[in-house]
Amino acid sequence: MPFVNDILNHHSISIVGLEKNTGKTVCLNYILRRLNDLGVSTAVTSIGVDGEQTDSVYATAKPEITLYEGMRFITSERHYLQRRLVSEIVDVDTRRTSLGQLVTAEVLCRGKVILSGAATTKVLSQQIDTFHRQGVRLTIVDGALSRLSLASPTVTEAMILATGAAVSPNLQQLISKTRFVYRLINLEEVSDAARTSLAGATSGLWALDGDGVAHDLDIPSVFLLGTENGDIFRYGDTLFASGAVTDRLLKYLTARPNVRRMVLVVRDFTKLFITPEAFAEYTRRGGRLQVLQRSRLIAVCLNPTSPQGYRLDSREACSQLTEALGTPVYDVMQV
């Protein structure tokens, strides 16, 4: 049972995909089946909608989500009424979504369900905490298209990354795109002292001086950064961006003469909305990227088939990705 035992070291995990149709639901079903075999108390929810029979974009068949007796799940009122399993309602959230209230239920008899959960990571975090207090050993959050935010260590303790032919039918391009995200996930963490110093930096751009003291640069957003802001390096060469970081900031820093001494710290990899080209140029010039907290990547899974009909050789793709990433890559349909 590849990587399932590693999952049991955590109370919550997220499954996120680099693109739509990279096999998240197949991976989720594999994990749920194994957890049921092991008798592990499990809860499942989603950010977005997952488990439909037909892909809304490509009109192709999709795998449905299978839940087992004793598992708990959260879905919207609309999709709860469409379930094809026997369940008992545990709770109904008074907050409404576009698909109705969120229903928490326990499965009484195995069957299929569409998951459509909370729209924000804040609500997800609250739901995970509630399940943990109720004695659920593991909560799994199934991600929607490009929603890497739920892989933040502030939401789930660990993550599984799904990639595949839907990212690119060209194996080398697939490897390149997956390796880039893999590098961001595994960025170096700051020291404990720096993390403590920046604990109160909840917004804007900050700097760390030589003694590790954090200073507010009075720039509420990195998007407002410009020459009129004065010397942002007056305290030192280490900066902390509390919010999203794009190519604009990286290019700004890359052009500075002190880039070889520079360290840019972000909260975690989900705050990075950067291109491989901007990242490569920044690091080539000597700049470094660090995170306050690194996401724990449990496994990388591969879907060798794209919705357009392209199919990679599963064994070859897994082998080359494993070599490129330095970590095992699995096609769960082959294990």
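The values are calculated or read from the model by the stated rules, or taken from the named source; none is laboratory data. On a predicted model such as this, the values are computed, not experimentally measured, just so you know. Using ideal geometry, Cβ is built from the backbone for each residue, glycine included, and neighbour counts are taken over all protein chains shown.
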Those residues of region 204-237 that are in a loop (DSSP other than H, G, I, E, B), under 24 Å from Leu184 (Cα atoms) and at pLDDT below 90 come to a total of 2
In region 238-270, how many are part of a loop (DSSP other than H, G, I, E, B), among the charged types (D, E, K, R) and more than 24 Å from Arg195 (Cβ to Cβ)?
1
Under 7 Å by Cβ, and 6 or more places apart or on different chains, what pairs join a residue from region 311-322 that is in the same structural domain as Thr178 (by TED's automatic domain parsing) with one that is in a helix (DSSP H, G or I) and surrounded by 18 or more Cβ atoms within 10 Å (Cβ to Cβ)?
Gln320/Ile175; Leu321/Ile175; Leu321/Thr178
Of the conditions (1) part of a helix (DSSP H, G or I); (2) surrounded by fewer than 16 Cβ atoms within 10 Å (Cβ to Cβ), Glu281 clears all except one; give me its number.
(2)
Per-region count, region 292-335, residues surrounded by 14 or more Cβ atoms within 10 Å (Cβ to Cβ), among the acidic types (Asp, Glu) and within 15 Å of Ser168 (Cα to Cα):
0
List the number of the failed condition for Ile89; all other conditions in (1) in contact with a helix residue (DSSP H, G or I) (Cβ under 9 Å, 6 or more places away or on another chain); (2) exposed (fewer than 12 other Cβ atoms within 10 Å of the Cβ); (3) modelled with pLDDT under 95 hold.
(3)
Criterion first (within 23 Å of Ser12 (Cα to Cα), at pLDDT below 95 and in a strand (DSSP E or B)) does Thr94 satisfy it?
no
